[in-house]
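Student: Supplied in structure tokens, the structure appears directly below.
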Amino acid sequence: MELYTLIDYTTLRLIWWVLLGILLIGFAATDGFDMGVGMLLPFVARNDLERRVAINSVGPVWEGNQVWFILGGGAIFAAWPPLYAVSFSGFYLAMYVVLAALILRPVGFKYRSKRPEPRWREGWDWALFIGGFVPVLVFGVAVGNVLQGVPFRLDADLRAFYEGGFFGLLNPFALLCGLVSVAMLAMHGAAWLALKTDGCVARRARDYGTAAALATAVLFALGGLALWLWIDGYRLVGTAVTDGPSNPLLKEVAHDAGAWFANYAARPWLVLVPALGIAGALAAAAGLRARLERLTLLASGLSIFAIITTVGITLFPFVLPSSLDPRSSLTIWDSSSSHRTLFIMLVATAIFLPLILAYTAWVYRVLRGKVDEAAILREDGHHY
Amino acid sequence: MEFDIVSLSRLQFAATALYHFLFVPLTLGLSVLLAVMETVYVLTGRPIWRRMTQFWGTLFGINFVVGVATGITMEFQFGMNWSYYSHYVGDIFGAPLAIEGLMAFFLEATFVGLFFFGWDRMTRVQHLAATWAVAIGSNLSALWILIANGWMQNPVGAVFNPETMRMEVESFAAVLFNPVAQAKFVHTVSAGYVTASVFVLGVSAWYLLQGRHVALARRSMAVAASFGLLSSFSVVVLGDESGYVATEHQRMKLAAIEGIWETETPPAPLTIIGFPDQESRTTDHLVEVPAALGLIATRSLDTEVPGIADLVAHGRTRIENGILAYDALQSIRAAGGPDAADPAVREAFAANVANLGHALLLLQYVDDPRQATPEQIEAAAWDLVPPVATLFWSFRIMVGLGFFFIVLMTAFFWQMVRNRLGSPRWLLWVAVFAIPLPWIAAELGWIVAEVGRQPWIIEGVLPTAVAVSSLGVGEVMLTLAGFTLLYGTLFVIEIALMLRAIRSGPAEEPPRAGSWQSAPAGE
């Protein structure tokens with residue numbers, strides 16, 4: 001017996017589905033507040049010092065946080081190569097827009113305060129706004145499209161062909177999902193700003209944050225309703241082969257009304273997950289009013305966790321359904337890496353993920369406390 | 001150049017990768033130099049070493065951030081533009097990329113924030129640890145990326161699975177300890193160290209020429225010259241090791257670099273200068289050193305270095321055997337899987353699967369490789385020859401620059417030993433004008449490595465032309481134009497900020513004890 005067979009293929013695929021969720025939630029919960037701050041920048045901060053306070057609240061940590069996104073991409077490549085191949089080439093132009101916005105963001109942080117001219121700084125403020133708002137909107141829109149099925153098919157050699165345009169992505173349901181995403185991370189960014197700043201910036205963050213938190217709860221509920229009323233789901237026909245070769249063409253898939261609610265029908269307690277998404281957002285709104293800063297951030301994080309998990313559970317076992325040729329749909333059972341690769345990657349994750357969490361926690365401890373305006377004004381070159 | 005989807009995708013990948021690699025070598029080397037300088041600060045307690053760390057750290061930050069921003073593109077471009085590649089080899093290639101994130105990039109990016117923002121929040125030793133974490137993280141990052149890239153050059157430890165139509169990992173240890181990857185790693189990080197050393201040396205020389213920041217510039221120069229001397233030797237020696245490894249695994253690349261069309265009687269001479277001509281398949285106006293190539297490439301006097309023509313003939317046989325594998329694969333698929341297939345078919349597949357990739361070379365000419373005519377097979381075999389003149393010249397300029405760096409570093413090291421850093425002035429000017437040269441060498445290095453791999457995206461396994469995504473030409477042109485505009489703008493801004501930071505120079509010596517700045521936490 002070889003070492004990698006210690007954990008059977010089915011279990012490993014399930015573990016990697018959970019790990020993918022953890023990475024996406026890690027991204028949304030950490031880099032999410034960086035992006036939220038970027039989105040809120042024009043609203044919560046109205047002069048240069050206020051902007052610098054807001055920017056420096058995430059200044060020392062956004063770089064590490066962003067790695068969750070990069071790691072998410074790497075993990076999809078390693079654990080779900082067909083998902084990586086089909087989704088990124090299928091959403092080609094949308095991915096380009098995300099990349100361009102994400103390229104502006106690091107440079108915006110680093111370069112903004114390198115020159116004193118107002119025009120220079122305003123330019124980079126826009127870059128930071130775009131770098132926060134655009135990717136978050138596109139990610140939500142992408143999720144909305146995945147829930148509706150994506151127009152791709154696989155040929156016998158498993159080469160992917162995509163037959164949809166860029167503007168097809170911008171349908172009403174997908175845009176609703178995009179708004180959920182924007183509201184959710186605006187809430188999170190505001191929760192962070194309320195914790196890390198004081199004065200005008202914190203006050204405005206509480207106001208915008210309350211609105212964003214309430215919007216998150218309402219839009220997310222609306223999204224669920226729209227999914228129930230108008231969006232047909234996908235389901236596997238017959239019993240799923242969970243430990244077969246990773247070849248999506250070996251199964252049959254049906255496209256039915258109500259199929260996205262099958263998992264909740266089978267296990268009614270799962271309804272707690274979306275409910276938690278709404279409850280967390282409402283708690284964040286209440287927390288902002290009551291100035292319970294740490295609890296607010298926690299509630300907002302909980303809401304993010306539950307909303308992303310809701311999407312995962314709704315789709316399960318699908319990760320990318322195909323509207324063009326349902327048989328080509330990718331599920332966790334037929335679009336993973338090989339048994340051996342999943343095992344090796346699991347070992348690597350088991351070693352490094354706890355280490356990452358430990359040193360990240362230490363860094364946040366070192367940086368704890370509100371952003372110091374006086375330190376920013378000292379112009380000693382350490383701050384953005 | 002034709003604007004078909006393959007050429008455009010290759011152009012886009014080459015442009016974004018070469019651009020990304022403008023920022024990587026300086027990050028690799030400067031992070032280590034910062035850690036060295038700060039170590040001296042912690043050991044001696046002299047504030048000037050802290051100012052040095054902070055000054056070079058500012059330049060490091062301006063450079064680092066563009067490296068990070070453009071690195072994001074690299075991570076996603078495989079899926080976007082090379083989706084069949086991602087499907088075909090993701091089982092192996094994805095793992096080192098993901099481990100790079102887990103093990104290296106997280107470390108580097110988490111602590112880089114503390115490097116900039118943590119000076120007043122930590123003890124000296126804690127801050128030093130953060131700086132070393134950045135240096136170790138960035139260098140480990142290079143290790144994993146080059147393990148991934150090394151596998152593209154020498155795909156070991158993997159087998160083709162007809163049920164999933166892709167390569168799957170068989171021995172992860174073979175992927176990790178791939179000799180090509182190891183040789184590339186040490187060569188590439190050494191090149192990064194040379195880049196940072198030449199950069200620090202050149203900027204310091206400029207300060208000395210102007211008589212500004214003399215104490216800081218002389219100390220920086222001493223660090224750069226010592227570190228640069230070691231790394232410029234290692235980049236050449238380890239580059240040679242890289243060449244030796246290529247002779248075993250990428251004989252076509254070596255033959256093209258040397259412009260050898262016909263196999264020579266051993267020991268082969270080393271060509272210093274020549275003019276390779278792809279059309280006539282000859283190299284003219286040769287200046288050669290007898291027997292030297294035989295010694296370098298094979299480390300013996302009687303092993304042959306095969307020429308391009310012989311390698312093409314060998315490739316033709318592999319294409320023919322590949323067709324047999326392709327035919328068996330179709331039969332296996334028709335039968336509904338390997339277990340259901342006729343044992344004779346399975347045997348034919350097993351015997352020829354190593355050549356399957358060669359059959360895929362024919363897809364440029366026919367839809368079904370089994371229908372290929374002898375002329376098409378001959379043409380596909382000659383497609384195995386990469387652009388010879390490009391490789392020949394890129395390689396020679398790179399090696400020439402490598403030797404120049406040794407001379408430069410030796411000169412400065414010698415001046416340092418004699419305590420005469422700062423003279424003569426002409427030598428300082430040489431250092432200033434040398435600043436861009438490591439970047440030229442590094443970019444040419446990638447051209448040799450990656451152009452030399454063509455027509456393969458995975459050597460011998462998957463042709464580049466087959467690996468591309470099914471996209472429209474318009475889409476790829478649009479994003480190519482977008483990247484060009486964005487990257488071009490960023491480049492101008494980055495250079496302007498670098499020059500501005502260099503002009504304004506390091507912060508002046510802070511006031512003596514009693515002021516707010518002289519007593520950070522823990523000091």
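Student: Under the rule of -39500 (n - 2.57) per DSSP H run of 4 or more residues, summed and divided by the residues of the protein assembly as shown, what mean residue ellipticity at 222 nm is obtained, to the nearest 500 deg cm²/dmol? Walk me through the numbers before you get to the answer.
Tutor: Details: 30 runs with 616 residues, N = 907.
So the calculated ellipticity at 222 nm is -23500 deg cm²/dmol.
Student: Right, next: Could you work out the relative contact order of the range A:7-376, using alpha carbon pairs under 8 angstrom and six or more residues apart, expressed as a whole percent?
Tutor: Working: 568 pairs, mean separation 87.6, N = 370.
Here the relative contact order equals 24 percent.
Student: Taking chain A as a Gaussian network, Cα atoms linked when under 10 Å apart, which of A:Pro268, A:Pro326, A:Pro172 shows the biggest mean-square fluctuation?
Tutor: In the Gaussian network model the winner is A:Pro268.
Student: What whole number of Å gives the distance from the Cα centroid of the range B:460-474 to the Cα centroid of the range A:258-272?
Tutor: 41
Student: For chain B, with the dipole built from +1 on Lys and Arg beta-carbon atoms and -1 on Asp and Glu ones, taken about the Cα centre, which of B:Val468, B:Met165, B:Met52 lies farthest toward the positive end?
Tutor: B:Met52
Student: Taking the Cα centre of the range A:87-245 as the origin and placing charges on Cβ (Lys, Arg +1; Asp, Glu -1), which of A:Ile130, A:Gly164, A:Gly140 is farthest toward the positive end of the dipole?
Tutor: So the residue we want is A:Ile130.
Student: Then there is this: Can you list the aspartates and glutamates whose alpha carbon sits under 15 Å from that of A:Lys251, skipping same-chain ones fewer than 8 residues off?
Tutor: Straight-line reach from A:Lys251, under 15 Å: A:Asp155, A:Asp243, A:Asp325, A:Asp334, B:Glu163.
Student: On a straight-distance basis, which lysines could pair with A:Lys114 in a cross-link, Cα separation under 25 angstrom, same-chain partners fewer than 8 positions away excluded?
Tutor: By straight Cα distance, A:Lys114 reaches A:Lys196, A:Lys370.
Student: If neighbour count is taken as other Cβ atoms inside 10 Å, put B:Thr484, B:Thr283, B:Thr373, B:Thr265 in order from fewest to most.
Tutor: On the way: B:Thr484 15, B:Thr283 20, B:Thr373 11, B:Thr265 8.
The most exposed by this proxy come first: B:Thr265, B:Thr373, B:Thr484, B:Thr283.
Student: Still on this structure, please answer the following. What lysines sit close enough to B:Lys253 to cross-link, taking a C-alpha to C-alpha distance under 23 Å and skipping anything fewer than 8 places away on the same chain?
Tutor: Here the lysines satisfying the reach criterion relative to B:Lys253 are B:Lys184.
Student: While we're looking at this one, here's another question. How much net charge surrounds B:Leu360 when only other residues with a Cβ under 14 Å from its Cβ are counted (Lys, Arg +1; Asp, Glu -1)?
Tutor: Numbers: positive: A:Arg159, B:Arg166, B:Arg318, B:Arg370; negative: A:Asp157, B:Glu320, B:Asp327, B:Asp367, B:Asp368, B:Asp383, B:Glu459.
Local charge sum for B:Leu360: -3.
Student: On a 0 to 90 degree scale, rounded to 10, what angle separates helix A:200-230 from the longest Cα axis of chain A?
Tutor: Its long axis makes an angle of about 20 degrees.
Student: Top mean-square fluctuation among A:Ala205, A:Ala374, A:Ala54, Gaussian network model of chain A, C-alpha springs under 10 Å?
Tutor: A:Ala374
Student: Go ahead and set up a Gaussian network model of chain A, Cα springs under 10 Å, then flag whichever of A:Leu99, A:Leu320, A:Leu367 fluctuates most.
Tutor: Of the options given, A:Leu367 has the highest mean-square fluctuation.
Student: What angle do you read, to the nearest 10 degrees and between 0 and 90, between the alpha-carbon axis of helix A:339-366 and the longest principal axis of chain A?
Tutor: Tilt relative to chain A: about 10 degrees.
Student: Roughly how tilted is helix B:308-335, in degrees to the nearest 10 and between 0 and 90, from the longest Cα axis of chain B?
Tutor: Around 70 degrees separate the two axes.
Student: Can you list residues from other chains, or at least 5 along the same chain, whose modelled amide H is less than 5 Å from the amide H of B:Glu168?
Tutor: B:Val159, B:Phe160, B:Asn161
Student: Further, regarding this structure: So for the range B:1-112, averaging the separation of alpha carbon pairs under 8 Å that are six or more residues apart and normalising by length, what relative contact order in percent results? Could you put the intermediate results ahead of the total?
Tutor: Numbers: 49 pairs, mean separation 32.0, N = 112.
In percent, rounded to a whole number, it is 29.
Every number here is computed from the coordinates shown, using simple stated rules; none is lab data. Just so you know, these numbers come straight off a predicted model, no measurement behind them. Because the Cβ atoms are built from the backbone with ideal geometry, glycine has one as well, and the counts that use them run over all protein chains shown.
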